[in-house]
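Each remark here refers to the structure printed beneath this line.
Each value in this text was obtained by applying a stated rule to the coordinates, not by laboratory testing. Because the structure is predicted, anything quoted here is derived from the model rather than measured. Counting neighbours? That spans all protein chains shown, and the Cβs are built from the backbone with ideal geometry, glycine included.
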Amino acid sequence: MKTYPGHFVLDPMGRRVPLQGEEGFAAMRTAGRVAAACLDHLTLFVQPGVSTGALDRIADTFMRDHGAIPATLGYHGYPKSCCISPNHVVNHGVPDDQVLLKDGDIVNIDVTAIVDGWYGDTSRMYLVGTVNPRAAHLVRTTYDATMAGIGQVAPGKHLGDVGHVIDRMARAVGYSSVRDYVGHGIGRVFHDAPDVMHWGKPGRGMKLVPGMIFTVEPMLNQGGPGLRQLEDGWTNITRDLSLSAQFEHTVGVTADGVEIFTLSPAGLDCPVEAINPLSR
């Protein structure tokens, strides 16, 4: 890879987007693997009756036991080591011992592990007990849209290509793509340039070049895209209380395509097999 520390390109707002070389990619593989393995570990504990607070403590322990620091803890005052967002919670759900998972819930868990100063950021949906087909369809569609967007990442492509595919897939089944929150550059900084929108036009937006690292993390709602923030100042819910789902991967642009740093080591990236769209 012909990029080196200190090289950068500018995003449309004139902000520097760092270009990482082999050392940076290697560091991101390590951080991403710890984050993804943490989500794998949590699979054992996502059960009816378990509190989101308990899951947060399990995630914290796992990251620390594997040489990582939870990035969210204390970040702009955030009080927990991960974000846990069930059902109509879109993102940034604050774990709490009083919030118990119930049979039929869908829940997103978002972890970011800092390893030697590098950030591995990923989130995944979980099914709690027996989930109805309509909820399962949302989860599977969100996963497929995420991976289709990542499939657009390659040198010479544009961020608009990524967002366009995601939004098109959401709209095709009557879902909406949240616009209040976007993906972001990442590496030695938690949230960096560029912004990665989950909607857009083909051939528009920032051109992708080898060495760029960012997240792709669409949130799809079964209802409208509007959000409302709760009094805790963090938790965002759908305005119409419809179900929401999200997947997130940290990816890097390579010389000929894309590398996903946060794939599940155990192959647990999506909890839903391909399903018939008519089951909605």
Checklist entry - Projected area of the stretch 78-207, taken from the Cα convex hull and averaged over every viewing direction, in nm²? => result 9.1 nm²
Checklist entry - How high is the FRET efficiency between Asp116 and Leu73 when r is their beta carbon distance and R₀ equals 22 Å, given to the nearest 0.05? => result 0.80
Item to check | For the stretch 66-81 and the stretch 89-142, distance of Cα centres in Å | outcome: 17 Å
Item to check | Range of Cα positions in the stretch 35-108 per principal axis (Å), largest first | outcome: 34, 27, 19
Item to check | Per-residue [θ]222 nm for the chain (sum of -39500 (n - 2.57) over DSSP H runs n ≥ 4, rounded to 500) | outcome: -8000 deg cm²/dmol
Checklist entry - Quick one: what do you get for the stretch 110-150 if you divide its Cα Rg by 2.2 N^0.38 Å? => result 1.54
Item to check | Extension reserve of the Leu241-Lys207 stretch, reckoned as 0.36 nm per residue once the Cα distance is removed | outcome: 8.6 nm
Item to check | Loop-located GluC sites (Glu not before Pro) in the stretch 219-280 whose Cβ has at most 11 other Cβ within 10 Å (DSSP) | outcome: Glu231, Glu273
Next on the checklist: What is the sum of charges, Lys and Arg at +1 and Asp and Glu at -1, for the other residues whose Cβ falls under 10 Å from the Cβ of Gly223?
Outcome noted: 0
Checklist entry - What are the principal axis extents of the Cα atoms in the chain, in Å, biggest first? => result 50, 43, 36
Checklist entry - Which whole-number percent gives the relative contact order of the stretch 212-280, counting Cα pairs below 8 Å spaced six or more residues apart? => result 29 percent
Checklist entry - How long, wide and thick is the stretch 160-280, going by the Cα atoms along their three principal axes, in whole angstroms, largest first? => result 41, 38, 34
Item to check | Positive-end extreme of charge dipole, the chain - chosen from Ser244, Ala36, Ala26 (charges on Cβ) | outcome: Ser244
